[in-house]
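The values are calculated or read from the model by the stated rules, or taken from the named source; none is laboratory data. Quick caveat: nothing in here was measured; it's all calculated off a predicted structure. We place every Cβ from the backbone using ideal geometry, glycine too, and count neighbours over all the protein chains shown. Each accessible area value is taken on the protein alone, full model and side chains, heavy atoms only, with ligands, DNA and RNA left out. Shrake-Rupley method; radii C 1.70, N 1.55, O 1.52, S 1.80 Å.
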Amino acid sequence: MTEKKVRAHTNIALIKYWGKRDEKLILPASSSLSLTLDAFYTDTSVAFDSSIQQDTFYLNGVLQNDVATKKVSHFLDLFRKPAGIHSPALIKSTNFVPTAAGLASSASGMAALAGAANEACNLQLTKRELSLFARKGSGSATRSIYGGFVEWQMGTSSTDSYAVPIDDADWDIGMLVVVVNSRQKEISSREGMKNTVKTSPFYSGWLESTAKDLIEIKDAIYSHDFQKMGEITESNGMKMHGTMLGANPPLSYWEPDSVVAMQLVRQLRQEGLPCYFTMDAGPNVKVLCRLTDSDKIKKRFETHFDSDQLIIAKPGEGLKVLSE
Ligand code: FM0
């Protein structure tokens, strides 16, 4: 049997997901909204093979250890079960991330794996169902099923917490990714958000305000109001980081160069170039801008950063099966 390769792109949240109401089912405490990016993606294939002893997982051509393979096996079981398949699988995954970016993310990885498992099991799941399945691998993967601007609706239960496409982002939108540090983070999002929910006194304020931000940013996106979208993005990201600072022990992913990048964005704005920053569970800074301004903005960043730390991304597309 020829296995099909499936590609999923990563996404960056403009309205952040930070905290779960159900850790096992990965049900979020709030809805979130992201932009899928073309520059970072994962290609994955799954082939069931009764002649092998156990699931075998290659990432970027390297055979993975038990811990990494178990995660993948566990996720594949979600597909094997309804398909009535009991064979072990050969899983091959390649992360396409520009050199030194260190942005290999669980979002594109789990979304691509969901798509490849669907092909191998011939389950013919819809995109909505795939989004639901991807969610059980990693929350942010829920959104990587679709391209452009995507909302992950928190839903009321495991059966209605999935992503929906909001807008194809085909209107002069870009993102400059500033790679401050490509080392693996010490505290995973999973651990970090868990402790924030448990200990931060700011958490209820975060939930209240992120719900409002989501409504407002959707208005801004629908009306192509770039400035409003940028202002909400920047404010929502900072509120997420504020919430983590309130955790016990306090959590911060920032490094000195993260602050340098944020200051530069503010300065560019003062000079009349519209751009806005956001940060996730790591020190890298993502700058939302007009695609037509992205080269100019990148040039300005080159006064502080090496050019291989600066990656311009365009809006990316949703999950797709690659032809052989
Ligand atoms: O993407 O525990 O999906 O909305 O990137 O696997 O569900 O890795 F800034 C942080 C992503 C969190 C915000 O968390 O966690 C966002 C974040 P999991 P994820």
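Condition first: more than 13 Å from the ligand (Cβ to nearest atom) and more than 14 Å from TYR41 (Cβ to Cβ). Now tell me which residues in segment 132-147 satisfy that.
LEU132, PHE133 - these are the residues of segment 132-147 that are more than 13 Å from the ligand (Cβ to nearest atom) and more than 14 Å from TYR41 (Cβ to Cβ).
Looking at segment 137-149, is at least one residue in contact (Cβ under 8 Å) with a residue 60 or more places away in the chain and surrounded by fewer than 21 Cβ atoms within 10 Å (Cβ to Cβ)?
no
If ALA163 passes every condition in (1) open to solvent by 20 Å² or more (accessible area, probe 1.4 Å); (2) without any contact (Cβ under 8 Å) to a residue 40 or more places away in the chain but one, which one does it miss?
Only one criterion in (1) open to solvent by 20 Å² or more (accessible area, probe 1.4 Å); (2) without any contact (Cβ under 8 Å) to a residue 40 or more places away in the chain is unmet by ALA163, namely (1).
Could you check segment 1-119 for strands (runs of 3 or more DSSP E) lying wholly inside it with 1 or more residues that are of a type in the set (S, T, N, Q) and either surrounded by fewer than 20 Cβ atoms within 10 Å (Cβ to Cβ) or within 16 Å of the ligand (Cβ to nearest atom) (or both)?
Hits in segment 1-119: 5-15, 32-48, 56-59, 89-96.
Write out, first by first residue and then by second, each pair whose Cβ atoms fall under 7 Å of each other, whose residues are 6+ apart or on separate chains, and whose first residue, in segment 1-26, is under 26 Å from CYS121 (Cβ atoms) while the second is surrounded by fewer than 18 Cβ atoms within 10 Å (Cβ to Cβ) and among the hydroxyl-bearing types (Ser, Thr, Tyr).
Taking only residues 6 or more apart or on different chains, the pairs are LEU25/SER158.
With HIS304, HIS224 as the choices, which residue is in contact (Cβ under 8 Å) with a residue 24 or more places away in the chain and at positive phi?
Result of the check over HIS304, HIS224: HIS224.
Based on this model, can you work out whether SER108 counts as under 30 Å from ASP293 (Cα atoms) and of a type in the set (Ser, Thr, Tyr)?
yes
Got a sec? Which of LYS5, LYS16, LYS24 is charged (D, E, K, R), touching a Leu at 6+ places or on another chain (Cβ under 7 Å) and at pLDDT 95 or above?
Within the list LYS5, LYS16, LYS24, the selection yields LYS5.
What single numbered condition from (1) away from the ligand (no atom under 13 Å from the Cβ); (2) crowded, with 16+ Cβ neighbours inside 10 Å fails to hold for THR210?
Failing condition for THR210: (1).
Return the pairs, sorted by first residue and then second, in which the second residue is loosely packed, with under 15 Cβ neighbours inside 10 Å, the first residue lies in segment 179-207 and is of a type in the set (Ser, Thr, Tyr), the beta carbons are less than 7 Å apart, and the residues are 6+ apart or on different chains.
From segment 179-207, the pairs are SER182/ALA100; THR199/ASN248.
For segment 175-207: of the residues being open to solvent by 80 Å² or more (accessible area, probe 1.4 Å) and under 20 Å from the mean Cα position of the chain (by Cα), which is nearest to the ligand (Cβ to nearest atom)?
Among those residues, the one meeting the criterion is ARG190.
Could you run through segment 217-242 and say how many residues are crowded, with 19+ Cβ neighbours inside 10 Å and not in a helix (DSSP H, G or I)?
0
Would you check which residues across segment 248-293 are in contact with a His (Cβ under 8 Å, 6 or more places away or on another chain), among the hydroxyl-bearing types (Ser, Thr, Tyr) and surrounded by fewer than 20 Cβ atoms within 10 Å (Cβ to Cβ) and list them?
The one that is in contact with a His (Cβ under 8 Å, 6 or more places away or on another chain), among the hydroxyl-bearing types (Ser, Thr, Tyr) and surrounded by fewer than 20 Cβ atoms within 10 Å (Cβ to Cβ): SER252.
Quick check, is LEU63 aliphatic (A, V, I, L, M), modelled with pLDDT of 95 or more and closer than 25 Å to ASN122 by Cβ?
no
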